1. For residues that are surrounded by 18 or more Cβ atoms within 10 Å (Cβ to Cβ) and more than 11 Å from the ligand (Cβ to nearest atom), scanning just region 210-230, find the one that is farthest from the chain's Cα centre (by Cα).
2. Taking the conditions exactly as written (closer than 27 Å to LEU25 by Cα, at pLDDT 95 or above and out of contact with any strand residue (DSSP E or B) (no Cβ under 6 Å at 6 or more places or on another chain)), does ASP219 satisfy them or not?
3. Applying the selection to region 154-194, what residues are surrounded by fewer than 22 Cβ atoms within 10 Å (Cβ to Cβ) and among the hydroxyl-bearing types (Ser, Thr, Tyr)?
4. Might you let me know whether region 26-34 holds any residue that is in contact with a Phe, Trp or Tyr (Cβ under 9 Å, 6 or more places away or on another chain), open to solvent by less than 50 Å² (accessible area, probe 1.4 Å) and over 16 Å from LEU242 (Cα atoms)?
5. Might you check whether a residue that is exposed (fewer than 15 other Cβ atoms within 10 Å of the Cβ) and at positive phi occurs anywhere in region 15-25?
6. Pick from region 77-101 the residues that are more than 26 Å from GLU171 (Cα to Cα) and assigned to a loop (DSSP other than H, G, I, E, B): which of them is least open to solvent (accessible area, probe 1.4 Å)?
7. Can you say whether LYS249 is open to solvent by 50 Å² or more (accessible area, probe 1.4 Å), out of contact with any His (no Cβ under 7 Å at 6 or more places or on another chain) and within 16 Å of the ligand (Cβ to nearest atom), as far as the supplied structure shows?
8. I'd like to know if region 43-66 contains one or more residues that are assigned to a loop (DSSP other than H, G, I, E, B), at pLDDT 95 or above and surrounded by fewer than 15 Cβ atoms within 10 Å (Cβ to Cβ).
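The values are calculated or read from the model by the stated rules, or taken from the named source; none is laboratory data. Small disclaimer: the values here were computed from a predicted structure and weren't measured. A quick note on method: Cβ atoms are made from the backbone with ideal geometry, for glycine too, and the neighbour counts reach across all protein chains shown. All accessible areas refer to the heavy atoms of the entire protein, side chains included, with ligands and DNA or RNA removed. Shrake-Rupley method; radii C 1.70, N 1.55, O 1.52, S 1.80 Å.
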Amino acid sequence: MKNLSKKLVIGNWKMNLNYKDSISLGKKIQQSLKGKKNSNEVVLLPDFLSLAELKKSVKNKNIYWGAQDVSPFPLGAFTGEVALDSLKQISIKYVLIGHSERRQKFFDNSLVASKMKNVLENSDIIPILCVGETLAEKEANKTWSVISSQIKEAFSEIKTLKNKKIVIAYEPVWAIGTGRVVEVSDAVAVHKKIRQFIKETFTKNSPSELGVIYGGSVDLKKYSSFCKLEDVSGLLIGGASLKANDFSKIAINF
Ligand code: PGA
């Protein structure tokens with residue numbers, strides 16, 4: 001089970017921008033990355049509507065696209081959902097699953113396993129599974145027990161990860177959008193445990209590549225402490241990904 005060949009720098013725009021502003025941000029990021037040498041892989045996660053348009057109109061071989069969520073169901077009578085089939089047709093590379101905002105505000109905990117199964121069994125889209133503990137759980141020393149049970153649950157409907165690429169994002173809930181960043185050594189310790197856990201759980205059926213990335217209040221000032229660490233395969237950036245120049249600097253220099 002190898003690490004990812006390139007480091008990932010992912011911008012999660014959430015629902016911060018409307019359609020027009022999303023298109024404009026995508027174009028600005030394209031401009032600021034244009035012609036720059038970059039050994040990292042840059043990924044943008046706009047809302048569904050903007051994703052379809054940006055995927056068509058922003059052509060930059062260094063920018064990859066992903067969705068912020070996916071339905072656990074196949075095509076059918078599921079009002080308001082967006083199907084995996086549609087994501088496959090627009091050829092995106094990644095899909096976020098189980099972000100803490102979805103878990104907390106949209107009761108997604110119980111859907112994470114079926115979303116993972118849908119994506120892994122029916123597509124080559126790479127899932128980015130988000131896990132992380134709340135402040136109360138951290139203070140009660142439950143960080144690892146929470147994360148390990150989230151991972152166990154997420155993969156509970158999957159028998160093999162053979163030949164799959166998987167990304168797991170460690171995002172402490174208390175660090176998301178709060179300006180509070182984890183101690184790098186604490187994050188590294190969690191990342192190592194995640195890798196070990198996947199290895200032990202899947203043994204011979206481990207994924208071909210596993211990336212473990214960090215997210216939570218990473219910005220232009222703080223990103224550098226996560227650079228050049230073997231156990232940090234990349235960054236998942238929310239707020240700071242809405243500023244084209246800041247995000248592009250991180251994307252190039254990480
Ligand atoms: P933040 O968001 O960088 O604004 O903390 C990260 C995320 O939620 O993915």
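1. The extreme case among them is PHE226.
2. Criteria met by ASP219.
3. Within region 154-194, SER156, THR160, THR178, SER185 meet the criteria.
4. no
5. no
6. Within region 77-101, the match that is least open to solvent (accessible area, probe 1.4 Å) is ILE90.
7. yes
8. no
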